[in-house]
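Some notes on the structure that comes next.
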Amino acid sequence: MKSKIFKTPFFNLTILALLALPVLSFLYVSLDFPSLQLSRDLKKTKLTKLVTSSEPVEKESLFEFALSETFSSERLKSLATKHAREFQSNTPFPHIVIDNFVDPTLLKLVEREVLKKNYEKKCAALGNKVGITKEDTTKLHCFYNEFKVRGGNVFERNEYKKLAVYSEDYFGALTRFLFLLFKSSTFTTFLEDISGIDNVIPDPHFRGSGLHSTAPHGFLRVHADFNRYERYKLDRRINVFLFLNSEWKERWGGALELWPRNMSTCERKIQPIFNRLVIFRTTDFSYHGYTDPLTSPFPRRSMAMYYYTNGRPDDEKVDKGDHSHSTLWQEVPCKMQGLESLGPKCSNKFKFKY
């Protein structure tokens, strides 16, 4: 009886299948079968649908996507190679704009976290108080006063209805995770490659950086940033902004304006659209801002990251010493939301008062 079973076709097929199984498994893992990509895409589609729902999201999967798609060494090296020459040649100072930088599923969830926090409501509730609030001395910085008053005189504001959140404890979990990736060795190396600046150091403490928001009717006057991180004796070299504004309209204003050293005319306006990354070299005359009061129905929001080195070349300084300075505010020659704001039509015929 046993000999007949061993000789049946069914038995022979079973043996062949068992022998072939290791080979088939090896081929399935080794080759890039479409089914593998399909499975991955279906999983990502499921996560994308969760963005617009209130269901919990698989954070491990989001972390995996962010690390493998956005912040992988291979992708960032490729982007740096592609954009380094353009970064160096762009005027009025070295800069680059990269759209769709972060995995949109992750960034949409970060945007939703920021909306739920409603930092603007807390600042608005403070009335005419200026600066750091007593309740949030390490978390929230509000610039919601319309005017400064000094010695009985009223001074125009340099920034209005703007706030900065610079405490990790005040971020949502995914927002905090994304900031960590922007401060990682992988991203810092990318900044070195694209900018040509060596030995770049990310700020571990969000000095002036973090989440930025400007409410409707707010603005930020054109300026060059503070130049020194005195706590560590470091020089500020690179600014990075990632915009969080879904469905932003150009007519609302809020474009990031880039101005030359002589402040003769705005040379570039960068719309603050969702998932747009802006990187520029920070010097004593890398003048930027968004000057006209916003007409948007909701705030203009961004993630802001600053990077430093130990020392900087003299051609980036107002003077050749190692003097520290705070923000260097500038006046612009005209209103900026119209078409006349770019090119020679924006002349010194009049000054726009804030």
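Before moving on, here are some points about what is shown:
- Any hit, the range 239-261, residues being within 19 Å of the chain's Cα centre (by Cα), hydroxyl-bearing (Ser, Thr, Tyr) and surrounded by fewer than 18 Cβ atoms within 10 Å (Cβ to Cβ): yes
- Residue match in the range 228-250 (condition: in a loop (DSSP other than H, G, I, E, B), closer than 22 Å to Lys82 by Cα and touching a residue at least 24 places away in the same chain (Cβ under 8 Å)): no
Here is a yes/no grid of residues against (1) over 26 Å from Arg276 (Cα atoms); (2) in a strand (DSSP E or B); (3) touching a Cys at 6+ places or on another chain (Cβ under 7 Å):
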| site | (1), (2), (3) |
| --- | --- |
| Pro297 | no, no, no |
| Met305 | no, yes, no |
| Tyr308 | no, yes, no |
| Gly311 | yes, no, no |
| Val318 | yes, no, no |
| Gly321 | yes, no, no |
| Glu331 | yes, no, no |
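- Test: residue in the range 146-153 that is buried (at least 17 other Cβ atoms within 10 Å of the Cβ), modelled with pLDDT under 85, under 29 Å from Trp329 (Cβ atoms) and polar (S, T, N, Q): no
- Hits in the range 200-213 - residues which are part of a loop (DSSP other than H, G, I, E, B) and either touching a helix residue (DSSP H, G or I) at 6+ places or on another chain (Cβ under 6 Å) or within 18 Å of Ala255 (Cβ to Cβ) (or both): Val200
- Residue match in the range 214-224 (condition: assigned to a strand (DSSP E or B), within 22 Å of Tyr119 (Cα to Cα) and of a type in the set (D, E, K, R)): yes
- Complete set of residues in the range 252-273 that are assigned to a loop (DSSP other than H, G, I, E, B), in contact with a Pro (Cβ under 8 Å, 6 or more places away or on another chain) and not β-branched (Val, Ile, Thr): Gly253, Gly254, Ala255, Pro260, Arg261, Met263, Ser264, Glu267
- Residue list for the range 72-101, restricted to those being of a type in the set (A, V, I, L, M) and in a helix (DSSP H, G or I): Leu76, Leu79, Ala80, Ala84
- Residues that are out of contact with any helix residue (DSSP H, G or I) (no Cβ under 7 Å at 6 or more places or on another chain), more than 21 Å from His83 (Cβ to Cβ), assigned to a strand (DSSP E or B) and at pLDDT 95 or above are absent from the range 274-284 altogether.
- Any hit, the range 126-143, residues being of a type in the set (Gly, Ala, Ser), over 16 Å from Gly172 (Cα atoms), modelled with pLDDT of 55 or more and not in a helix (DSSP H, G or I): no
- Within the range 314-329, being touching a residue at least 40 places away in the same chain (Cβ under 8 Å) and among the small types (Gly, Ala, Ser) holds for Ser324, Ser326.
- Test result for Lys162, in contact with a strand residue (DSSP E or B) (Cβ under 7 Å, 6 or more places away or on another chain), modelled with pLDDT of 80 or more and in a strand (DSSP E or B): yes
- Selection within the range 88-109 - among the polar types (S, T, N, Q), surrounded by 16 or more Cβ atoms within 10 Å (Cβ to Cβ) and touching a helix residue (DSSP H, G or I) at 6+ places or on another chain (Cβ under 9 Å): Thr105
The values are calculated or read from the model by the stated rules, or taken from the named source; none is laboratory data. All of these numbers come straight from a predicted model, not from anything done at the bench. Glycine gets a Cβ as well: all are built from the backbone with ideal geometry, and neighbour counts include every protein chain shown.
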